[in-house]
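The values are calculated or read from the model by the stated rules, or taken from the named source; none is laboratory data. Predicted model, so just to flag it, every value in this text is computed and none were measured. Note that each Cβ is placed from the backbone with ideal geometry, even for glycine, and that neighbours are counted across all protein chains shown.
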Amino acid sequence: MATFPTYAAPGYQFDATTDLSRLETRERLSQSAIDGFFAIIDKWQIPIERAGELLGGMPRSTVYKLKSAAGTLRQDELTRISYIVGIYKALHILLPDDLADHWITQPNDNPLFRGQPPVDYMVRAGIPGLQHVRSLVDAERGGH
């Protein structure tokens, strides 16, 4: 596995970061990422078109192909899925399962979402939006 070197600062431990620019790393991670993504999308009851939007505007036909015959994801797709997995996990720490699975698609009064569901914000804002939502739920659970 290719990782970037880590440099420790006194009193702080850095985790090694996976090098998603390497094809062999993406090949190794893609199948499990796709499986996890579709499991979460099913729990969240997100339509396939919306799932493609979460992956950066992937057409519905390509999303269906991924579901049946996974290929190698691009770096940004793996990054997006990583954020989605983190959001899912944090929500299930914070909330009962049923609420956790519906939170993403329900209107939200947090100023970040402007009364819209968090999924709308994540699609509209792309990777930065996914990062913001991940940071928000991590902060709520005390992980920030």
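Set side by side, the residues Glu53, Glu24 differ, and just one is modelled with pLDDT under 90 and in a helix (DSSP H, G or I), which is Glu24. Taking the stretch 56-67 as the range and being assigned to a helix (DSSP H, G or I) and surrounded by fewer than 16 Cβ atoms within 10 Å (Cβ to Cβ) as the test, the residues that pass are Arg60, Ser61, Thr62, Tyr64, Lys65, Lys67. The requirement of being over 20 Å from Ser32 (Cα atoms) and not in a loop (DSSP other than H, G, I, E, B) is fulfilled somewhere in the stretch 68-91, by at least one residue. The residues on offer are Ala16, Ala69, and the sole one that is at pLDDT below 90, closer than 23 Å to Lys89 by Cβ and small (Gly, Ala, Ser) is Ala16.
Okay, residues lined up against (1) over 11 Å from the mean Cα position of the chain (by Cα); (2) within 28 Å of Gly142 (Cβ to Cβ):
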| residue | (1), (2) |
| --- | --- |
| Leu55 | no, no |
| Pro59 | yes, no |
| Asp76 | no, no |
| His92 | yes, yes |
| Asp97 | yes, yes |
| Asp101 | yes, yes |
| Asn110 | yes, yes |
| Arg114 | yes, yes |
| Ile127 | no, yes |
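Would you call Ile40 within 18 Å of the chain's Cα centre (by Cα), assigned to a loop (DSSP other than H, G, I, E, B), of a type in the set (A, V, I, L, M) and modelled with pLDDT of 90 or more? Spelling it out, it is not the case that Ile40 is within 18 Å of the chain's Cα centre (by Cα), assigned to a loop (DSSP other than H, G, I, E, B), of a type in the set (A, V, I, L, M) and modelled with pLDDT of 90 or more. Checking each residue in the stretch 128-144 for being at pLDDT 90 or above and surrounded by fewer than 14 Cβ atoms within 10 Å (Cβ to Cβ) picks out Pro128, Ala139. Considering (1) assigned to a helix (DSSP H, G or I); (2) touching a Phe, Trp or Tyr at 6+ places or on another chain (Cβ under 6 Å); (3) without any contact (Cβ under 8 Å) to a residue 24 or more places away in the chain, say which one Ala100 fails and leave the rest. Condition (2) is where Ala100 drops out.
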